[in-house]
Every structure is written in C-alpha cells, then in structure tokens.
Amino acid sequence: MRKIILFIVEGTSDEYALSPLIDKLINQNLVRFSVMRGDITAFPDGIYKNKSIEERLEIALKKYLLKNRPLRKKDIEKIIFVTDTDGVFIPDSLIYEKEDQKSFYYQDDGLYCQIKENAIKRNQVKKENLTRIVEMEFLDDIPLEAYYFSCNLDDTLYGEKNLSSRLKEDYADDFSENFYLKEEDFINFIFRDDIANQEEYYSSWDYIKESNHSLLRGSNFHIFFIRNYDALSDKSKIRLSNFI
C-alpha cells in the first residue's frame, strides 16, 4: 500500500475545492482529507475544548485512524495542516467595532466585529496556536507541515472574503470543476504573483505575521509543491519546473 499524505482542513468546502486537484497532482502517495468542521486553533467545543494545540492535533489524528481502520499511523507519510489566517496577526488598531456586525467581517483595511475585545482574544489564541504548529515539525513522529490561505481559502481561490456557508460549497465545487482534466493548471494559479507569498516556508510565515498581511489575499500553499516535489506526478513536476 502506498503511504498517505493526510490533509487536515477546517471545513467541507476546503475538501471540495482542494481534494480533487491534489489527488491528481500527487503520484507517489495517496491523498486523504480529515475535515475538522471547525477551527481547532481558536476556541473549539467538545473534545478539543481546554486542550493544548498539540493535544487537539493528536486527538484529530486518532479520530481519523479510528474512522479509517485498518489504516495505521505508520501508513501516514506526512500530515499537512491547512488553515485560514482570518486576520489574526493584525495589530489591534485594525479591529473595528460595528454595533450591527454580529459575525467577523473581513476587509483589506481591517476586521469588523460587534465586540472588539472578543476579536482580540480570538486573534491572540489563534496566532499563538498557529505559531506553535509551525514550530512543531512533527506530530506523534509524523512530519507536519502547515500552510495558510489568506485571509481565508475563499479569498485566495475566488477573491471573496465573506462567503456564506452555502456559497462556500458552491464556489468550491465550481473551482474544482474548472480544473477538471487540467489539474496541473492549479500549479500555475497558486504560483501567481498576486497569491504566492514568499519562496521559503518559514519566511512565508514571517511575512503573514506582518502588518495587515493576514487580511490580504495570498497563500504559501505553493511551497507545498516545492517541499513535496518527489511525491508529484510527472506532469506536475514538468509544470512546477516553470517556477523553481
């Protein structure tokens, strides 16, 4: 059996948008997605509540293995953690209160919310957890890499920051369908100058922490293809050669 690359993502729309593409672009490994149905880097409920980020990721891994027996930990080659930045690295001065804004609303110039203090707390918790994930490098002895979409996956892929849950899935389906039978074009897309942030893994995380960058459209997901070159299909390697 081929080794598995396990992607941990927040929601089903992430899986719908990325899974069909990555599955075609990867050759040496099987691609699998574990959907958290929520953001475990912020204030999750249930079994993740009051746990460290390491513990939350370990729980997510154990849940996936239990659900996918007889798969075992040794069958997983690498874990890829995918997250939205959600503007969490911005200074507090870019968080604005609007009385009628019940949920977080993202714009390039700031994060708009009903209670500023709640946004500040969310940002502090999430940015600390993201920083820790990048530092970890391994989860339970399995190599771990973390990639972001800014200000969220919808913004990076479609140029829309504040989609409803229903529209997220509609856009995700349309996006993957647009690349059907031309999946290598996704490499061209994710390496676009207006999307690709930095050329190196750690510098891409330094970049997103600066100023208002975590509100702006961009991603470091292109670095996934560079770091995992050996796992790519031959066609993907040829397309990637245009960028490295």
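Where a number appears in this text, it was derived from the coordinates with a stated rule and is not lab data. Remember, predicted model here, so these are calculated numbers, not experimental data. Neighbour counts run over all protein chains shown; Cβ positions are idealised from the backbone, glycine included.
Round to the nearest 0.05 the FRET efficiency obtained for residue 101 and residue 160 when R0 = 25 Å and r is the Cβ-Cβ distance. Could you put the intermediate results ahead of the total?
Working: r = 18 Å, r/R0 = 0.71.
After rounding to 0.05, the efficiency reads 0.90.
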Using only Cα atoms and rounding to the nearest 10 degrees, what angle (0 to 90) does helix 53-67 make with the longest principal axis of the chain?
50
For residue 139, residues with placed amide H under 5 Å, excluding near neighbours
144
Using only Cα atoms, locate the centre of the stretch 91-110 and the centre of the stretch 128-191, then give the distance between them in Å, rounded to an integer.
23
Antiparallel DSSP bridges in the stretch 66-215: what percent, to the nearest 5?
35
Measuring from label point to label point, each 7 Å out along Cα→Cβ, what is the residue 189 to residue 229 span in nm?
2.4
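Considering Cα pairs under 8 angstrom that are at least six residues apart, work out the relative contact order of the stretch 103-184 and quote it in whole percent.
Numbers: 38 pairs, mean separation 14.7, N = 82.
The normalised contact order for the stretch 103-184 reaches 18 percent.
When the convex hull of the Cα atoms of the stretch 15-54 is projected onto a plane and the area is averaged over all directions, what value comes out in nm²? Could the numbers behind the result be given before it?
Details: hull surface 15.7 nm².
Answer in nm², one decimal: 3.9.
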For residue 34, what residues show an amide H to amide H distance below 5 Å, using hydrogens built from the backbone and excluding near sequence neighbours?
7, 8, 9
Rank the residues 222, 213 as a footprinting-exposure proxy: fewest other Cβ atoms within 10 Å of their Cβ go first.
213, 222
Å³ per residue of the Cα convex hull, for the chain?
122
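Around residue 78, with a cut-off of 14 angstrom between Cβ atoms, what is the net charge of the other residues, counting Lys and Arg +1 and Asp and Glu -1?
On the way: positive: 2, 3, 32, 73, 74, 227; negative: 75, 77, 137, 140, 141, 145, 230.
Here the count lands on -1.
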At 1.002 mPa s and 20 °C, plugging the Kirkwood radius over alpha-carbon pairs of the stretch 12-150 into Stokes-Einstein gives what diffusion coefficient in µm²/s?
128
With everything on Cα atoms, drop me the angle between helix 116-136 and the longest principal axis of the chain, reported from 0 to 90° to the nearest 10.
30
How far is helix 165-178 tilted off the main Cα axis of the chain, in degrees rounded to 10, range 0 to 90?
30
